[in-house]
Every structure is written in structure tokens, then in C-alpha cells.
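Only one structure is covered here, and it is reproduced in the block below.
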Amino acid sequence: MIGDLHCHSTLSDGSSSLEDLVLYAKNAGLDYIALTDHDTLAGNAQAVALGKRCGVGVIPGVEFSAVDSQRGGRKVHILCYFPRNTQPLEKICRRTLSSRTQAGEEMIRRVMEQYPVTAENIARYTSASQSIYKSHIMLALMDLGYTDRVYSDLFHKLFGSDGSCFVPTEYAEVREVVSAIRDAGGLSVMAHPFQYGGSYQLLEELAQTKMIDGVELHHPRAKQKDMELSKEIAERYNLICTGGTDFHGACTSSPNPIGTYITSQENRARIIAHSQA
């Protein structure tokens, strides 16, 4: 059984519809995928149904954007799989999506002051999504010929931390997120812990208090030393180790086909066992 446990669709900032995502997985020879759109569970039911029609298992999930308030508000992403009661999660998702949409609207306004792009141009890309993402604005600018890729120099000029059009989104505190996942009966996994300056201290803290179930070991941007550190912590606390391509289709700085990074049979079995407990 081969599976990719980190996939995004047009419901967040991916370029593939749910239908295409499942079809890509089937054509790639995958047995299952996990839908992990940012801060929304909206596509899970449809994706599961589409998967059944195509013979591809779909694990319902979500990727939460959060901050670690004990370490200067450092960003961290938490994957959730198989939530049973989504109400505690939906509450956090609504807050984040509202903040992201407000920030997105202001970023659109600022970009429109500098470039002849219209709200209608950008709406072509936001219409399927649950919020507004910087990549949506970049796709509209690509259509107008200002750049040839999403994560270009222009992206950093506009939307870097000191970019001319950047507006921050407010995220939930990571301990609130993992507590909500626990309340929802879901399984929590820290995504790409090497990003945002590294979250290994947080990973160990959460593992010590049994508030995290796993860590994403295999990821396109993970270096060997990153994987070794993640594996060391995982072995110390008996954490599940997952693998995922962080698939976004065309909207990525590290393009890889779906299924390039996968989860082992042993760890998949542990995830399934958790869902059936």
C-alpha cells in the first residue's frame, strides 16, 4: 500500500481540483492519499467519495497553520488525520480563514495600486478556495506577464515579511490546535519541523506531554540532518513517522509529482489503527 499523506487542492492554495487530485493519485499508482488543505476540512467528504469511485483511499485531514507563543510566535504547521468530531477544529479553522481572507483583501487592494490587475482577474483563482492566498494573486500577475512562476522574486518583493503588499494573518496557538485535535479524536503530526527556523524543541515538548502523535519525516525540502533529528525524537517517544509530497501542483517552490514522498506500511498501519480505536 503506497500513500502520500500531504496533499493540497484548490480549496486552499493548491492548483488541482479534488477530482484531479484523486485522478493524479490513481494514475501515479497510489493506493491512498490524505487531503490536508490549509485550515479547512471542507473537501474531505467529497474527496473520500471521489476516491471510492476511483479506487483510491482518501484519509480525511487538514493542515493547521499555528504559532508557538513560547518561542516568539514562530510559525508551525500541524497535520491532523481522521478527526471524528470536527466541531473543535472547525472553530479554529473559521478564525484563521476569516483573518486570512481579511489580510488577502487588503493585499489585493495594495497590489491593485501598483499593477493593472483587477479583482476579477484574481477571483478566477480564489473562487474555488475557502480563502484568499498570496499564490492566487501571483497567478493573476502571471496571466498578465509580470512573472513566470508563483514563488518568484516578485513574490518576495510583494509578500515577503517586509514586502510592499504583505499583510499578516493571525494564527491559533499551537497548543490550542493540538488540544483541539485531541478533543476531536484525530491524530496530530507536526509537518516539516525543519521549516520556520526549526520546531524540534516544540516537537520534543509536545511529545513529552503526549500532545503530538507523529512527525513528518519524509518531505521534499527535508535534508538528511533534518530527517535524522526527526527520527531520533520519533524513536525516543514512539511517534508515528509520516511522509508526504506537500503537493500543491503548480503552486509550489519545490515541484514534485504526487506520490514522490510516501508513508511506510508500518506507519500507515499505526494511523489506521488509531482511526479504528
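Listed here are the residues, each with its yes/no results for (1) more than 30 Å from Gly198 (Cα to Cα); (2) of a type outside the set (Val, Ile, Thr); (3) over 13 Å from the mean Cα position of the chain (by Cα).
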{"position": "Gly51", "(1), (2), (3)": "yes, yes, yes"}
{"position": "Arg71", "(1), (2), (3)": "no, yes, yes"}
{"position": "His77", "(1), (2), (3)": "no, yes, no"}
{"position": "Tyr81", "(1), (2), (3)": "no, yes, no"}
{"position": "Asn85", "(1), (2), (3)": "yes, yes, yes"}
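Restricting region 1-41 to residues that are of a type in the set (A, V, I, L, M), touching a Pro at 6+ places or on another chain (Cβ under 9 Å) and surrounded by fewer than 24 Cβ atoms within 10 Å (Cβ to Cβ), the residue that is nearest to Arg100 (Cα to Cα) is Leu41. Of the listed requirements (1) assigned by TED's automatic domain parsing to the domain that holds Ile59; (2) out of contact with any helix residue (DSSP H, G or I) (no Cβ under 6 Å at 6 or more places or on another chain); (3) hydrophobic (A, V, I, L, M, F, W, C), Met190 misses just one: (2). If I filter region 109-125 for residues that are in contact with a His (Cβ under 9 Å, 6 or more places away or on another chain), surrounded by 20 or more Cβ atoms within 10 Å (Cβ to Cβ) and farther than 14 Å from Tyr171 by Cα, do I get at least one hit? Looking through region 109-125, at least one residue is in contact with a His (Cβ under 9 Å, 6 or more places away or on another chain), surrounded by 20 or more Cβ atoms within 10 Å (Cβ to Cβ) and farther than 14 Å from Tyr171 by Cα. Taking the criterion of being among the hydroxyl-bearing types (Ser, Thr, Tyr), assigned by TED's automatic domain parsing to the domain that holds Val67 and within 29 Å of Cys80 (Cα to Cα), would at least one residue in region 172-184 satisfy it? For region 172-184, residues among the hydroxyl-bearing types (Ser, Thr, Tyr), assigned by TED's automatic domain parsing to the domain that holds Val67 and within 29 Å of Cys80 (Cα to Cα): present. Checking the stated criteria, Tyr81 turns out to be farther than 25 Å from Ser161 by Cβ, of a type outside the set (D, E, K, R) and buried (at least 22 other Cβ atoms within 10 Å of the Cβ).
For region 220-235, the criterion of being surrounded by fewer than 17 Cβ atoms within 10 Å (Cβ to Cβ), of a type outside the set (A, V, I, L, M, F, W, C) and at positive phi is satisfied by no residue at all. Taking Leu50, is it within 22 Å of Ile271 (Cβ to Cβ) and in a helix (DSSP H, G or I)? So Leu50 fits the description; yes. For region 83-117, a residue qualifies if it is outside any helix (DSSP H, G or I) and out of contact with any helix residue (DSSP H, G or I) (no Cβ under 7 Å at 6 or more places or on another chain), and the qualifying residues are Arg84, Asn85, Thr86, Pro116.
The rows are residues; the columns are (1) more than 24 Å from Met211 (Cα to Cα); (2) without any contact (Cβ under 8 Å) to a residue 60 or more places away in the chain.
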{"site": "His6", "(1), (2)": "no, no"}
{"site": "Leu18", "(1), (2)": "yes, yes"}
{"site": "Ala25", "(1), (2)": "yes, no"}
{"site": "Asp31", "(1), (2)": "yes, yes"}
{"site": "Asp39", "(1), (2)": "no, no"}
{"site": "Val62", "(1), (2)": "no, yes"}
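Inspect all residues belonging to region 53-67 and state whether any of them is part of a loop (DSSP other than H, G, I, E, B) and modelled with pLDDT of 95 or more. Yes, because at least one residue in region 53-67 is part of a loop (DSSP other than H, G, I, E, B) and modelled with pLDDT of 95 or more.
The values are calculated or read from the model by the stated rules, or taken from the named source; none is laboratory data. Computed from a prediction, not measured in an experiment: that's the story for all the values here. Cβ sites come from the backbone with ideal geometry, for glycine too, and all protein chains shown count toward neighbours.
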